[in-house]
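Notes to accompany the following structure.
Just so it is clear, none of the values below were taken in a lab; they were calculated from the coordinates. These numbers were taken from a predicted model, which means no experiment stands behind them. Every residue, glycine as well, gets a Cβ built from its backbone with ideal geometry; the counts of neighbours run over all protein chains shown.
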Amino acid sequence: MNRFLAKTAAAIFAVAALVLPVQLQAQNDSQSPREFVTMGTGGVTGVYYPVGGVICQLMGKTRRANEHNIRCTVESTGASVFNVNAIRSGDLSMGIVQSDVQSYAYRGVEQFSDAGPNPDLRVLFSLQSEAFTLVARDDASIQVFDDLKGKRVNLGDPGSGNRNTLELLMREYGWTADDFSLATDLKPAEMAGALCDDKIDAFVYVVGHPNGSIQEAANTCSSHLVPVTGPKVDAFVAKYPFYPSAVIKGGVYKGSPSDVQTFGPRATLMASASLPDEVAYQVAKAVFTNFDEFKSLHPALADLTPQNMLEGNSAPFHPGALRYFREAGLEPPAQSE
């Protein structure tokens, strides 16, 4: 009988051990309804995907601390243009978007002219600077951007901000895809392999640094970064002020020991106005209250400051993010609201 009672007590204890966490979770759920959000990023070898992972990682940290009950996941996508369209359709809760694409989508111009303005687009905060990066084979005789004419060039993944930026610069030069001997639309994960297999002479990637695809090209075959400068580039930057000048530091990649001058947009975290204020608030809070940890989790984030993460936007801030910034004593530029 004692053995039976002991077994019964053990069984009751085991069931209670299983039920208690469920009951506690149910209490947490009733106090703070569970919210699931998905963040669109970019290719897995780029910077958007790991940076999105860092943000969701910090959201997980603050959720475990019982600050909210929001579960954040990242999705690899075609990057900026795809993310904007998916936010508009409701397929994504948030997305990382280049600042130029943000401007075009909000105003309904360039590739968004058919869809029209997207007045519901909202900014949470800015992220890393992104350099317009031209990578060329050493044997392709490409030393400046003008040398691309007549070469085999990867234009980038259709629907990406990367390709959009290149096509705008081509327009400044009066070029079309026909000005290249070959124009491909490879995804970021395919570019280094194509370059080193001698299938293309060069590729352009608008991205934060260091970057895995460019590192792969530098370490696998003789290649180098090409400066993107000159009068036409200066005119382009003057026409599109969301493309400030940028520098890729020398020594980051094999074959490119000196600083490389170029230009580039900012990455920004976007959402729709329909994203609940509490979600936007908690995302901003998770990042800014864990700022040193946030910066340390990816090299592309190293130069960020809380204030410059509020700059470089052409769409209004989400009211939930604004609520956190004002609590933290951060004031976004007036023109951004």
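Miscellaneous remarks
- Cβ crowding within 10 Å, taken as a proxy for footprinting-reagent exposure, orders K187, K254 from fewest neighbours to most as K254, K187.
- Selection from P257, G40, G212 lying farthest towards where the dipole of the chain points positive, charges on Cβ: G40
- Taking only the C-alpha atoms of the chain, Rg followed by Dmax gives 23.4, 94 Å.
- Segment K199-T305, length gained on full extension (0.36 nm per residue, minus Cα span): 34.1 nm
- Those residues of the stretch 206-235 whose amide nitrogen sits under 13 Å from the label point placed on E110, 7 Å along Cα→Cβ: 206
- Length gained when the stretch T73-E293 is fully extended (0.36 nm per residue, less Cα-Cα span): 77.3 nm
- Principal-axis tilt of helix 277-288 within the chain, Cα atoms, nearest 10 degrees: 70 degrees
- For G320, neighbours were defined as the other residues whose beta-carbon sits under 10 Å from its Cβ, and their charges (Lys and Arg +1, Asp and Glu -1) total +1.
- Adding -39500 (n - 2.57) for every DSSP H run of four residues or longer, then dividing by how many residues the chain holds, sets the calculated 222 nm ellipticity at -12500 deg cm²/dmol.
- By DSSP, the beta bridges lying fully in the stretch 131-263 are antiparallel in about 75 percent of cases.
- With the simple spin-label model, which puts each label point 7 Å out from Cα in the Cβ direction, the F36 to A238 separation comes to 5.2 nm.
- Proximal charge balance of V144 [Cβ under 13 Å; K/R count +1, D/E count -1]: +1
- Across the options V84, A321, A140, the greatest Cα extent toward the positive end of the charge dipole of the chain (unit charges at beta carbon of Lys, Arg, Asp, Glu) belongs to A321.
- The stretch 49-203, relative contact order in percent, only Cα pairs under 8 angstrom and at least six apart counted: 20 percent
- Listed residues M309, L121, P276: farthest to the positive end of the dipole of the chain (Cβ charges): P276
- Excluding same-chain neighbours fewer than eight residues apart, the aspartates and glutamates reachable from K61 by a Cα-Cα span under 16 Å are E35, D292, E293.
- Percent antiparallel among DSSP beta bridges (both partners in the chain, rounded to 5): 65 percent
- Taken about its Cα centre, the chain carries a charge dipole of roughly 1180 debye when the Cβ of each Lys and Arg holds +1 and the Cβ of each Asp and Glu holds -1.
- Report note on the peptides 121-130, 298-307: ranked by the mean count of other C-beta atoms within 10 Å, highest first, their order is 121-130, 298-307.
- Spin-label model distance (nm) - A189 vs W175, 7 Å beyond Cα toward Cβ: 2.8 nm
- Residue order, fewest to most surrounding Cβ atoms within 10 angstrom, among C72, C221: C221, C72
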